[in-house]
Amino acid sequence: MKKLNYICKSLFLSLILLTSGAVFISQGQCVSPTAQVIPSHIKVIKGDSVRIHVNITGTEPMDYQWFYLGTGIIKGATNPSYTAYNVIKADTVYLRVMNKCGQKFSNPVYLELD
């Protein structure tokens, strides 16, 4: 019985060491974000809405902010995707992604009225 307890304790401690080692390794690697929007040109019927999705990679956690080209921050647009509601004019938008390793701006997305 003592031998079984010893084996169980040894396995438990080994598991803790392996787990904490894996966490340590993953915390040591920091990857700057990347952000790419596909497609970069979207036709929208005047008055319709369009949702823009972005392919994002990098170390979490990340912060997101969408911008209009030329006019600045889109207030409240802080998610990895963006929905432009009731589009009434052509515009260009892009996303800034930030993490502790750096920041990246997505390619611009041109919203064209159809």
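General remarks:
- Cα centroids of the stretch 74-114 and the stretch 41-72: 3 Å apart.
- Other residues lying with their Cβ under 13 Å from the Cβ of residue 35 contribute a combined charge of +1, Lys and Arg counting +1, Asp and Glu -1.
- Restricting the chymotrypsin sites (Phe, Trp or Tyr not before Pro) of the stretch 27-114 to loop positions (DSSP other than H, G, I, E, B) with no more than 15 neighbouring Cβ atoms within 10 Å leaves 85.
- Heavy-atom accessible area per residue - the stretch 46-114, 1.4 Å, Å²: 60
The values are calculated or read from the model by the stated rules, or taken from the named source; none is laboratory data. These figures come from a predicted structure and were not determined experimentally. Don't worry about glycine lacking a Cβ; one is built from the backbone with ideal geometry, like all the others, and counts go over all protein chains shown. For accessibility, only protein heavy atoms count, side chains too; no ligands or nucleic acids. Shrake-Rupley method; radii C 1.70, N 1.55, O 1.52, S 1.80 Å.
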